[in-house]
1. I want to confirm something. Restricting to the stretch 127-140 and keeping residues that are in a helix (DSSP H, G or I) and without any contact (Cβ under 8 Å) to a residue 12 or more places away in the chain, which single residue is least open to solvent (accessible area, probe 1.4 Å)?
2. Scan ARG6, ARG82 and give me the residue that is surrounded by 15 or more Cβ atoms within 10 Å (Cβ to Cβ), basic (Lys, Arg) and not in a loop (DSSP other than H, G, I, E, B).
3. Given the options LEU162, LEU91, name the one that is aliphatic (A, V, I, L, M), touching an Asp or Glu at 6+ places or on another chain (Cβ under 9 Å) and closer than 19 Å to ASN57 by Cα.
4. Just to be sure, is ARG113 without any contact (Cβ under 8 Å) to a residue 12 or more places away in the chain, in a helix (DSSP H, G or I) and among the basic types (Lys, Arg)?
5. Every residue in the stretch 10-58 that is within 18 Å of GLY101 (Cβ to Cβ), touching a Gly at 6+ places or on another chain (Cβ under 6 Å) and modelled with pLDDT of 95 or more, please.
6. Please work out which one of (1) of a type in the set (A, V, I, L, M, F, W, C); (2) touching a residue at least 40 places away in the same chain (Cβ under 8 Å); (3) open to solvent by 20 Å² or more (accessible area, probe 1.4 Å) is the condition VAL40 fails and give its number.
7. How many residues are closer than 12 Å to VAL95 by Cα and among the hydrophobic types (A, V, I, L, M, F, W, C) when one looks only at the stretch 20-69?
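The values are calculated or read from the model by the stated rules, or taken from the named source; none is laboratory data. If you're wondering where the values come from, they're calculated on a predicted model, not measured in any experiment. Neighbour counts run over all protein chains shown; Cβ positions are idealised from the backbone, glycine included. What goes into the accessible areas is simple: the full protein's heavy atoms, side chains included, and nothing from ligands, DNA or RNA. Shrake-Rupley method; radii C 1.70, N 1.55, O 1.52, S 1.80 Å.
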Amino acid sequence: MTAVLRLFWNICLLRDGPETVPTHTWFLVSLIAAELAMGVVLSAVMYPNLSPALWLNLALINLAVTASIAWFALYLRNCERRFPATLGAILGTEVLIDAVGALALSATSGGARVTTGWILTLWSVAVIGFILHRALATRLWVGILLSFAIGVLGTFVALALLGNLLVGGDSAV
């Protein structure tokens, strides 16, 4: 277990790339489950007024948008075979960053909480950008731009699908 955590931590620190991530089906399924769980926890910390169903929906949307765009970018570069390792690297690092985020955001309030949120968001964009840069064999700025696009598109999809429930804070779902 510590070897897996060390692997993803090294990717979070931009030391290792996605090519080092195991691609066994059971491993990817475990990472998907862990990312959904951590996504729900982070959503609960960030949006305590929303319902658990909305927290899960936000985590599912984030996962679907991230996986879809990563696969499509790899497809366009004729690198689909790299998708399992790329997705595994993204999920594993996001689990760690979400865990750090949940702890850090729970311990802060006011301006410190906002600053912490921005720092964690920028870290996540940089890490996913680095992973995509390595997987796509392209320049780092392209990976970071794609990572940023994933975040923006994820927000738009969440608003399009959940709109009034998110904006109104209705927790009836």
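1. HIS133
2. ARG82
3. Selected residue: LEU91, the only one of LEU162, LEU91 that is aliphatic (A, V, I, L, M), touching an Asp or Glu at 6+ places or on another chain (Cβ under 9 Å) and closer than 19 Å to ASN57 by Cα.
4. Details: without any contact (Cβ under 8 Å) to a residue 12 or more places away in the chain: yes; in a helix (DSSP H, G or I): yes; among the basic types (Lys, Arg): yes.
Yes.
5. Passing the criteria: only LEU31.
6. Failing condition for VAL40: (2).
7. Here the count works out to 12.
So that you can scan it fast, the table gives a plain yes or no per residue for (1) surrounded by fewer than 17 Cβ atoms within 10 Å (Cβ to Cβ); (2) within 18 Å of PHE148 (Cα to Cα):
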| residue | (1), (2) |
| --- | --- |
| ALA33 | yes, no |
| PRO52 | yes, no |
| SER68 | yes, yes |
| LEU87 | no, yes |
| ARG113 | yes, no |
